[in-house]
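Trainee: Can you keep this structure in mind? I'll have questions shortly.
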Amino acid sequence: MISEDKKRVLELFAEGRKLYKLMRFQEAADKFAAAVAVDPSDGPSKMYLERCQHLVADPPDEDWDGVFVMKHK
């Protein structure tokens, strides 16, 4: 059985992924941050939160194919 917290994390992550694909990176970051607030050990949400932060600071071109390319270490 899955806990209520895990269900909430999964819902927030799914919402964040939809927004990410739509290039709505700040809104997606908010969803991933909310998921991390529920479960600080959720690796996928932390990873996407970091990606969104990069993409907000340095947005991709309009023809972006969804592939994340880290430009800085």
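The values are calculated or read from the model by the stated rules, or taken from the named source; none is laboratory data. A quick note: this is a predicted structure, and the numbers were derived from the prediction, not measured. Cβ sites come from the backbone with ideal geometry, for glycine too, and all protein chains shown count toward neighbours.
Trainee: Which one is farthest from the chain's Cα centre (by Cα) among residues in the stretch 22-35 that are of a type in the set (A, V, I, L, M) and buried (at least 20 other Cβ atoms within 10 Å of the Cβ)?
Mentor: ALA35
Trainee: Have a look at LEU12, LEU49, LEU19, LEU55 and point out the one that is within 14 Å of the chain's Cα centre (by Cα), surrounded by 12 or more Cβ atoms within 10 Å (Cβ to Cβ) and at pLDDT below 95.
Mentor: Exactly one of LEU12, LEU49, LEU19, LEU55 is within 14 Å of the chain's Cα centre (by Cα), surrounded by 12 or more Cβ atoms within 10 Å (Cβ to Cβ) and at pLDDT below 95, namely LEU55.
Trainee: Just name the residue that is nearest to GLU15 (Cα to Cα) out of those in the stretch 30-73 that are of a type in the set (Lys, Arg) and not in a helix (DSSP H, G or I).
Mentor: LYS71
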